[in-house]
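What follows draws every value from the coordinates through simple rules; no lab data is involved. Just so it is clear, the structure is predicted and the values come from calculations on it, not from any experiment. Positions of Cβ are backbone-derived with ideal geometry, glycine not excepted, and every protein chain shown enters the neighbour counts.
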Amino acid sequence: MAVAAGMLVGQPSPASDGVVRGATLYAEHCASCHGEKLEGAPNWRTRNADGLYPAPPHDGTGHTWHHGDRLLFDYTKLGGEKALAALGVTDFESGMPGFGHVLGDEQIRDVLAFIKSTWPEAIRHHQERVTRQEAKARAGE
Ligand code: HEC
């Protein structure tokens, strides 16, 4: 009993279904590059010999949370190069493949919900602000 009680202490509140599904999808499709604990590839800030950046962490130490929801969704669905090209950035070679042929839109949203669920509250709030700014900027297009 003592062990069971100890395991319950400090557990985060129950995750939503989407977050639970997202965790499984993350392990299947993302962990191989971004790390099982979302820690990213070693030396992710330095380009590889092939000139590409390794996969960054998706936890609070990376820069996933610097981006709004729309960019994160496009990055996952279309891959890095196409997502950036849609923003007019055409000179960046990205090692991030597109998952649009593997994952449905809902599944992509679940994976991103899982990633966000691991962020500390302050980072989540920041990213929500970025998302609102992103939505405003896109509405003005
Ligand atoms: C084959 C390796 C690989 C796999 C598998 C992979 N990624 Fe990536 N990902 C990368 C690389 C490399 C980058 C960095 C290059 C770049 O920014 O374009 C990246 C960047 C990203 C970014 C942009 C992060 C930022 O801060 O700019 C997002 C979002 C992302 N990946 C999401 C995912 C999700 C979600 C999955 C699983 C569905 C996934 N990735 C699976 C290699 C991978």
- Message: Using the Cα centre of the chain as the reference point, and only Cβ charges (+1 on K/R, -1 on D/E), how large is the resulting charge dipole? Debye, rounded to the nearest 20.
- Response: 320 debye
- Task: Return the calculated 222 nm mean residue ellipticity for the chain, to the nearest 500 deg cm²/dmol, obtained by summing -39500 (n - 2.57) across DSSP H runs with n ≥ 4 and dividing by the residue count.
- Result: -15000 deg cm²/dmol
- Alpha-carbon centroid distance for the pair region 68-141 / region 34-52, whole angstrom: 18 Å
- Query: Peptides 20-26, 125-131, 41-47: what's the order by average Cβ count within 10 Å, highest mean first?
  - Reply: 20-26, 125-131, 41-47
- Message: Can you classify region 15-139 as rounded, prolate or oblate using the Cα gyration tensor, where a ≥ b ≥ c are the square roots of its eigenvalues, rounded means a/c under 1.5, and otherwise it's prolate if a/b beats b/c and oblate if not?
- Response: rounded
- Query: For the charge dipole of the chain, defined by +1 on Lys and Arg C-beta atoms and -1 on Asp and Glu C-beta atoms about the Cα centroid, which residue among 35, 89, 101 has the Cα displaced farthest towards the positive pole?
  - Reply: 89
